[in-house]
Amino acid sequence: MYKTEIIIVLLVGMFFYVFSEGNKNCQNCQKENFKTILNLSPQQEEEFIRLKKISFSKDSVYFAQLKNLREKLLYESYKENPDIEKVEELSSEIGKVHSALSICLLANIQETKKILTSSQFEKFIEYRKNKTYKDFEQKTLNIK
């Protein structure tokens, strides 16, 4: 279960960073990066942005749920005698939300794949792998 949760968290993190508005200072440079790296046509760019917006609106609901559930879990863990059943219930709910978020990620990637050529999609995958790993190193592992 632990490895599955780590994988889900990494996938969600990758997706959120690349496709969300979380990095507002670089929102336009992300758009330009994808436009340049993938050599998107105007139609592809329009569709790419549309998919990003749809994905962000769906994902933000799940991220809000996760935040709320994690706060409840932390609150429970601060207690002198935490209710183990409540902790298990909250953990289960967190897992369900992560699962739903992963399904959204899958759907978005499949929709993105439809608008890109096979070579563009390969570049898209490579960009995401490189970008996500570097961000993961810097933010999570504190490696510079």
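Nothing in this text is a laboratory measurement; each read-out follows from the coordinates by a stated rule. Model, not experiment: these values are computed from the prediction. Glycine also receives a Cβ, built like all others from the backbone with ideal geometry; neighbour counts cover every protein chain displayed.
Take the cross-link list K35/K58; K53/K113; K35/K113; K35/K131; K67/K131; K58/K96 and give me the ones stretching past 18 Å between alpha-carbons.
K35/K58; K67/K131
Based on other C-beta atoms within 10 Å, arrange S77, S55 from fewest to most.
By the 10 Å Cβ count, ascending, the order reads S77, S55.
What's the extension gain from I84 to K131 if we count 0.36 nm per residue and subtract their Cα-Cα distance?
Here the answer is 13.1 nm.
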